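Worksheet: one structure, shown below.
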Amino acid sequence: MSNNDNFTEDPTIRLAALEQSSEAVVIVDSHQHVRYFNEAAESVWGVNRADVLGCDAVSLGLTALTAQADTARAACDTAACSRNSEIEIGRKDGSQIRAAMSVSHIQFGCEGCTIAFVRDITREVERREEMALLTAISDRTSRAVVVTDHEQTIVYSNTAFTALFGYSSEEAKGRHASELLAGRYTDQIALDNLKTWTHDDHGGEQEILLYDKNGDEIWVQAEVKALRNARGQIRHGFAMLTDISESKQLRSLQQLTRAALADELPIAEIGDRLCRQVEKIAPDVVSSLLHIDAAGLIHPLGGPSLPTDYSQALDGVAIGPDVGSCGSAAYYGKPVLAIDLDADPRWQPYKARPLSVGLRACWSSPIKSKDGRVIGTFAFYFRESREPSRWHQRIIEACVDLGALAIERKESSAQIARLAYHDMLTGLPNRARLRDLIAEATEACPADEHVALAFLDVDNFKDVNDTLGHSAGDEFLIEFARRLREQILPGDMLGRLGGDEFVVVMPNRDAAAAGRIAERLSDAVTMPLRIGARQVPMSASIGISLYPDNTTDLDTLIRQADTAMYQAKRAGRSTYRFFSAEMNGIAEERMAYTAALRRAIAQDGLELRYQPQISTADGAIHGVEALARWCDPLLGEISPAKFIPLAEECGLIDHIAVWSIRAACRQMLLWRNQGLDIPCVSVNLSPINFQNANLPSVVADCLAEHRLPPEVLMLEVTEGVLEKERSRALATMNALRALGVGLSLDDFGTGYSSLSRLAQLPIRELKIDRGFMSDVETDDNTRAIVTTVVRVGQSLRLNVIAEGVETEGQLALLTELGCDIVQGFLYAPALLPCDLERWLLDYTARRASAMARRLHRAVAPSTQETPHLAPPMRHGDGRALQL
């Protein structure tokens, strides 16, 4: 044997080598007694070898060692065999560690031993579990996550990345990020920014156009930053990608168009802005917006990237089956795609100019009005022969809707005319129009058929407004109406009563058919709506009444459906109920209130309160409005919104009208005798009162009895005065004006706001409904409506009065617009006569004081300007102090 052989076979040398091993080495004999325990093993178990040698291996927690050794012996034909596993080790100090153990069995004749090599892998296991947890979290986020190395090669992507771009993690791994996701129209500057930020601890955010596996465009918000390793070196880049195609890019189109409409910009400028924004979010297209007039002629509205001479040449061209893509789309009422302009027969007379500027294909979609007419087209021109992508289709869907809004605004001759019969937000028939539709349906109903009326109320709509704001609420209602519109059948009619209430009129539908439609409507609106980043639940409660089974009266039909709807809400919401006799508890309550109201009228239980009306020109008292109030001893304070409709239903409204006029005239006489200068008093009447041909004589007798000139009395009526018996109502109104009594149109803008109807009324005043005041300072649409009403009043030489004025800002805006008179809590609430007298004295005194200061300053000028007369002092809630 050589010296080298002696060296390798020397047991002392072998044991010394095991002692120097970084892994713990434990040798166990065939009886499972520990025969060797190196220094690394002492560190792993936290014990001295002297305490272990000769002990059973079980004392070290190596309970599986015997089984592994037996398995090794049975499986091995050689002198040695090994097995690997992970174990938990309990240390002497009570702590636990995870270890990797490799077990080898060595056989020496009939004897043998088991050698265990043990390595502490506690930290490795923790890191492995942490990575598994992080991967699980990453795969559950809705945002795409990508990790790249220092050369931008993808090393990790989550499931959201796969869902967004279509690439599995295996397909993405190893690919260069920009080569995988960038495309022809990806902004190179934005891409360079992202690459730079992968080496920056602070990183950055960038909106960028990327492409999915199918080549479709996706706008994303990319948040990118560098990742450092344990040594502080930047080894990876990290990116979170959020799809903003619809949430931001498409919404930018909506916001731009709606803002332009609110600002009343010319239609050509709106079209130009819309097309420019489209080309910004879809840089591979050239867009155009055309208007199709009633004669079927084309008129360009927007196309800033098209040659000017080409657009001018299209103006006045008639639509037809072979008039390019746009003329054909308008003619057929459906989208038309010309993939190759040069070869398409429809383009032969028109192709030269587009081809000369590199345009090769054109996709045009018709824009339709709410009644189905084609009123325009929106087109995409492409620089290569191709079909539109999914992203292009989503843009077109938005642009068709927005183009319809813009073109319909152009076709509308005046905002008042648009308000007459349709709801501005949803485009549906409003309350006034719905009544006509219901009347038409019931009149046309055959004797053996039915008309079903469904009353829908959005569940928990107030929560949407309160939590997300009114803009989100508007978006919610628009989508709600769209879903309903898609479900109604031909011949059915959908309308919005106001707020979150909608009505569906279903001619020739019995209970079974109406129930099926109600189920469809309910199912259609139950899908949650995404508003921004929020998923907003949507549902509706539906009540159904049947004509003529339940009633033949239109108002009763609507009330019955309303009652059934509340039963659906009480049944848990998101369902429907038919009206039934059991619901007549409401009618019983109405009977109780009717009896109480009769007693109040007979026993003089009503009272008038007076709210001052102030001229914006000089702050003078224009007059007062007399408002009826009812406080019952048992029922308490009952709102006029409740007892006035009740009086109309039960035939007491004429009694209240006569009492109100007589009480107001009596009070005016008292004030005149006291020397109080109140120019006039306004008394609210119901449209029903004007069906009474005796009303003029009653008014004349009352004025004569109290020795009052007719000009001190103003009678207010709402726009519904012409809904029934128009000729009779007009005759009554003309007779009153012949007496010299003034007429005021109350709540203008909330019902029959039609210029043609307005021109028929012999009125002297126009009152802006208080409902517009809350948003007039902040909402462009509301301010536009108020401005229009003021301009209408000015053009017709009518006094315009704004109700519900509560803030200095509202007063300043109305004054600037030229509104003549205001009333509201900014000055005073409706007051009892004695309280009004004290308020009037105080107000007059302060006006006189202000005038005296102005006269003094006129005599002795100073550098300071005289302040305008302030409104009366008010409580913290805005109510005027009752002095």
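The values are calculated or read from the model by the stated rules, or taken from the named source; none is laboratory data. A quick note: this is a predicted structure, and the numbers were derived from the prediction, not measured. Reconstructed Cβ throughout: ideal geometry from the backbone, glycine too, with neighbour counts over all protein chains shown. Just so you know, the surface numbers come from the protein's heavy atoms only, side chains and all, with ligands and any DNA or RNA stripped out. Shrake-Rupley method; radii C 1.70, N 1.55, O 1.52, S 1.80 Å.
Per-residue answers, yes or no, for (1) among the charged types (D, E, K, R); (2) assigned to a helix (DSSP H, G or I); (3) open to solvent by less than 60 Å² (accessible area, probe 1.4 Å):
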residue: K767; (1), (2), (3): yes, no, yes
residue: F772; (1), (2), (3): no, yes, yes
residue: V790; (1), (2), (3): no, yes, yes
residue: L813; (1), (2), (3): no, yes, yes
residue: C819; (1), (2), (3): no, no, yes
residue: S849; (1), (2), (3): no, yes, yes
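Are there strands (runs of 3 or more DSSP E) fully within segment 283-388 with at least 1 residues that are within 30 Å of T186 (Cα to Cα) and among the polar types (S, T, N, Q)? List them.
Here the list reads 285-292, 361-368, 374-382.
Per the conditions (1) touching a residue at least 24 places away in the same chain (Cβ under 8 Å); (2) open to solvent by 70 Å² or more (accessible area, probe 1.4 Å); (3) farther than 23 Å from L253 by Cα; (4) of a type outside the set (A, V, I, L, M), the sole criterion not satisfied by P345 is (1).
If the condition is being hydrophobic (A, V, I, L, M, F, W, C) and in contact with an Asp or Glu (Cβ under 7 Å, 6 or more places away or on another chain), then segment 431-455 contributes only F455. Just to be sure before I move on: is A454 surrounded by 14 or more Cβ atoms within 10 Å (Cβ to Cβ), outside any loop (DSSP other than H, G, I, E, B), of a type in the set (A, V, I, L, M, F, W, C) and touching a Leu at 6+ places or on another chain (Cβ under 9 Å) in the structure I sent? So A454 fits the description; yes. Considering segment 276-293, and only residues there that are among the small types (G, A, S) and closer than 26 Å to A318 by Cβ, the residue that is surrounded by the fewest Cβ atoms within 10 Å (Cβ to Cβ) turns out to be S287. Only one entry of G495, G515, G473, G491 meets the criterion of being part of a helix (DSSP H, G or I) and within 20 Å of T442 (Cα to Cα), and that entry is G515.
In the set E207, E269, only one residue is over 22 Å from N158 (Cα atoms), surrounded by 13 or more Cβ atoms within 10 Å (Cβ to Cβ) and out of contact with any Asp or Glu (no Cβ under 6 Å at 6 or more places or on another chain); that residue is E269.
If you scan segment 170-193, which residues turn out to be of a type in the set (S, T, Y) and either farther than 20 Å from H150 by Cβ or exposed (fewer than 15 other Cβ atoms within 10 Å of the Cβ) (or both)? Reasoning before the result, please.
So the first thing to find is which residues in segment 170-193 are of a type in the set (S, T, Y), and the list is 178, 185-186.
Y185, T186 - these are the residues of segment 170-193 that are of a type in the set (S, T, Y) and either farther than 20 Å from H150 by Cβ or exposed (fewer than 15 other Cβ atoms within 10 Å of the Cβ) (or both).
Pick out the one residue from A330, A313 that is within 30 Å of P429 (Cβ to Cβ) and more than 29 Å from the chain's Cα centre (by Cα).
Details: A313 fails: within 30 Å of P429 (Cβ to Cβ).
When all the criteria are applied, what remains is A330.
Against the criterion of being open to solvent by less than 40 Å² (accessible area, probe 1.4 Å), free of Cβ contacts under 8 Å to residues at least 60 places away in the same chain and not in a strand (DSSP E or B), Q255 does not qualify. Any idea how many residues of segment 584-630 are basic (K, R) and at pLDDT below 90? Final tally of qualifying residues: 1.
For D510, indicate whether it is closer than 20 Å to R577 by Cα, touching a His at 6+ places or on another chain (Cβ under 8 Å) and either without any contact (Cβ under 8 Å) to a residue 40 or more places away in the chain or not basic (K, R) (or both). Before you say what the answer is, go through the steps one by one.
Values: closer than 20 Å to R577 by Cα: yes; touching a His at 6+ places or on another chain (Cβ under 8 Å): yes; either without any contact (Cβ under 8 Å) to a residue 40 or more places away in the chain or not basic (K, R) (or both): yes.
It is true that D510 is closer than 20 Å to R577 by Cα, touching a His at 6+ places or on another chain (Cβ under 8 Å) and either without any contact (Cβ under 8 Å) to a residue 40 or more places away in the chain or not basic (K, R) (or both).
Total residues in segment 205-221 satisfying the condition of being over 21 Å from L250 (Cβ atoms) and modelled with pLDDT under 90: the figure is 0. For segment 792-811, taking the residues that are under 19 Å from A759 (Cβ atoms) and among the β-branched types (V, I, T), the one that is least open to solvent (accessible area, probe 1.4 Å) is identified as V800. Filtering K370, K334, K351 for residues that are surrounded by fewer than 21 Cβ atoms within 10 Å (Cβ to Cβ) and either in contact with a Leu (Cβ under 6 Å, 6 or more places away or on another chain) or touching a residue at least 60 places away in the same chain (Cβ under 8 Å) (or both) leaves a single hit, K351.
If we keep just the residues of segment 494-529 that are closer than 16 Å to N460 by Cα and not hydrophobic (A, V, I, L, M, F, W, C), which is least open to solvent (accessible area, probe 1.4 Å)?
Kept after step one, since they are closer than 16 Å to N460 by Cα, are these residues of segment 494-529: 498-502, 522, 525-529.
Applying the additional criterion that residues be not hydrophobic (A, V, I, L, M, F, W, C) yields 498-501, 522, 526, 528.
Values: G498: 29, G499: 41, D500: 34, E501: 43, S522: 11, T526: 62, P528: 61 Å².
That would be S522.
Can you confirm whether T196 is assigned to a strand (DSSP E or B), among the β-branched types (V, I, T) and open to solvent by 30 Å² or more (accessible area, probe 1.4 Å)? It is false that T196 is assigned to a strand (DSSP E or B), among the β-branched types (V, I, T) and open to solvent by 30 Å² or more (accessible area, probe 1.4 Å). Of the residues making up segment 156-191, those that are assigned to a helix (DSSP H, G or I) and over 36 Å from the mean Cα position of the chain (by Cα) are E170, E171, A172, E179.
Counting only helices (runs of 4 or more DSSP H) that sit completely within segment 605-719, those holding 1 or more residues that are open to solvent by less than 40 Å² (accessible area, probe 1.4 Å) and β-branched (V, I, T) correspond to 653-673, 695-705.
Figure legend. Inter-residue proximity from segment 551-566: first residues outside any loop (DSSP other than H, G, I, E, B), second residues of a type in the set (V, I, T) and open to solvent by 40 Å² or more (accessible area, probe 1.4 Å), beta-carbon distance below 7 Å, spacing 6+ or different chains. Indicated pairs: T563/I586. Of all residues in segment 210-234, those satisfying the criterion of being surrounded by fewer than 16 Cβ atoms within 10 Å (Cβ to Cβ) and either in a strand (DSSP E or B) or of a type outside the set (A, V, I, L, M) (or both) are K213, N214, G215, L227, R228, N229, R231, G232, Q233, I234.
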